[in-house]
Every structure is written in structure tokens, then in C-alpha cells.
Amino acid sequence: MRRRHFLKSAAVATAAALPAVGLPAFSQGAEEPKKCKLLGIGACDWTLKLAANTESLDLAKRIGLDGVQVDFGHEVQANGKLPLHDEKLQEAFLAKSAETGVKVPSLALGVLNRVAYKNDENAKQWVLDSMPVAKRLKTPVVLLAFFGNGDLRNDEPGIEAVIARLKELAPRAEEAGIVYGIESWLKAEVLERMLDAVKSPSIKVYYDVGNMHKESEDIHAAVRRLGRERICEFHAKDYDDLYGKGSIDFAKVRADMDAIGYTGWIHIEGVKIPHGVEEDIRYDVEYLRKTFA
């Protein structure tokens, strides 16, 4: 080997052996930092003031949302079912989604706040009947609400009753490929106990950062504690102001999602809408896009 080539080869080999000073840690063989990859930013149709209404998708498109979380509706029909149990309404949502390009990533049974899942047979049946609806709409997540009459705080018998019903629901949900998310005032420790009792990948937590901040939970610790495996979706909410102006630090929420490697949807459930739905939800979605870009 000529001397010049030998010296060049030796220099390259020496440089390769030296530590990569000043480069990010993952360039030295460490694991690359996780980043949450949102599937999209949506809004609840009741926030858009169009619950169980296909016009919510038209409004969502104008605002710039990727999807809408659709509620089953609260008015019990003559046949004892809820509006979204109607196949004609389901077809209308499928057609509107295809027309607008706005997705329906999750459904919600908000009626359970009035007709409690823990002790009402109609509520139990509505949850069971939600499964074929979710399958037909190709929507993998259904929110189960536990507020109002369905509140489980300081209600151990109610918690046990819900656990028993979820144990019955879980095998059917697993077979259907549907996940049911518990949204409640309950803190992470109690939710973990419920999930441990049910032992099913089809029963998870629907985490609302605004609700749990209001309940004085450390939302950042709770998200990291529950983790990606136990959180199916998120609600974005701030009880004090528009996003970025109130009490919720969404940049820290983003960091929490990064830490657990969350890959899913986040839905705006607006509380403060001083200038009207269209203007303020557009502001909130633009803020979230910058925060989660």
C-alpha cells in the first residue's frame, strides 16, 4: 500500500473509533427518542353543537378538523334504541365521511351520564348494541361516559357493578375488534384497579386532560403511569380559556404522549367558546396543530 493511501485509511479508521462529540445521543447507538404520531385532530360532535348529526362533518371540514367523534344521541326512539342505532343514519354518516374526507375515528355513549351503565338494563343493552354500529362505521373506539347519574366517585358498589358488566362485554368486544374507553372522574389508581379486574385489551381509559386537571390529578404523571397500552384516546379540554391561554400545558401533554409513544387521536371537547363554535374551535385546532406538529 502506498504511504499516502495508508495514512488516509488510518485517519478514517481512527475517526470512526472516536466518540461522536456534540451529536445527539441516538447517533451513538442509543434508542432514538419516541415521538407521538397522532392519527389526527378531531372534535366531539356535541362540542360542534351537532350531536348525532351528519352536518357535524361538514362543519369539521370548514374548520380544518381531521375527524369527528360522533355521539349515539340522547333521545330514546320508539323502539327503545338511540338515534345512531338506526342503519339509515349510519349510512348517512358513511356517505358524508366519503364526501368530505372527514373521518369518524370514535363514537360516544354520552347518554350514560343520564342513564347509568352501573345500574340500568337499558344502558347495558345500548352498550352491547353499539358494537355492530362501530363495526359498520369501521370505528374502533367507543367512549363510555361516567358522569352525572353515572358518576363512580366514592361509589364502590357502582365500580364493582361496572367491572362485572365490562367483564361480560370484553369477550364480545375483543371478537369484534372494538375498544371501549372509560371516561370518568376516577383517578389513574382506581382505573388501573378496574382494568386489572377486567383483564381485557378491549377495555381501556379514555383520558380527558381537562377533566382530570379539574379533579386535581397530576395529569402528566397519570398519562405516563397509564401508558399507551391503557389509553385508547384523549380529549383536549381547558376549563379556563382557549387552548394555550388557560391552565392546561398542552406542550407538556405532548411530551407525555412522546414518552409513552402514543399513536392515536385527540379530540377537542371545547368548554370555553366565547366567540362561537366555528371561530374558537378553529383557533383551538390550529393551536393543537402547532403543538403536535
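The values are calculated or read from the model by the stated rules, or taken from the named source; none is laboratory data. Nothing here was measured: the structure is a model prediction, and the numbers come from that model. Don't worry about glycine lacking a Cβ; one is built from the backbone with ideal geometry, like all the others, and counts go over all protein chains shown. Surface accessibility is based on the protein's heavy atoms, side chains included, excluding ligands, DNA and RNA. Shrake-Rupley method; radii C 1.70, N 1.55, O 1.52, S 1.80 Å.
The table below lists the values:
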item: Rg in Å to one decimal, and Dmax rounded to a whole Å, for the chain via C-alpha atoms; result: 23.1, 94
item: Listed residue (Gly246, Gly270, Tyr207) projecting farthest to the positive dipole end of the stretch 194-289, Cβ model; result: Tyr207
item: Choice from Lys81, Lys237, Lys204 showing the highest fluctuation, given a GNM over the chain with Cα pairs closer than 10 Å; result: Lys81
item: Helical mean residue ellipticity (222 nm; -39500 (n - 2.57) per DSSP H run of 4+; nearest 500) of the chain; result: -13500 deg cm²/dmol
item: Calculated P(r) tail over 23 Å for the stretch 37-154, as whole % of Cα pairs; result: 27
item: Per residue accessible area in Å² of the chain, where ligands, DNA and RNA are left out and the probe is 1.4 Å; result: 49
item: Of Lys49/Lys199; Lys96/Lys252; Lys135/Lys252; Lys135/Lys237; Lys167/Lys245, pairs whose Cα-Cα distance is over 30 Å; result: Lys49/Lys199; Lys96/Lys252; Lys135/Lys252; Lys167/Lys245
item: Kirkwood Rh, Cα atoms: Rg over Rh of the stretch 94-160; result: 1.09
item: Qualifying aspartates and glutamates (Cα of each under 13 Å from Cα of Lys138; at least 8 residues distant if same chain); result: Glu91
item: Principal axes of the stretch 164-245: Cα extent on each, largest first, Å; result: 43, 22, 20
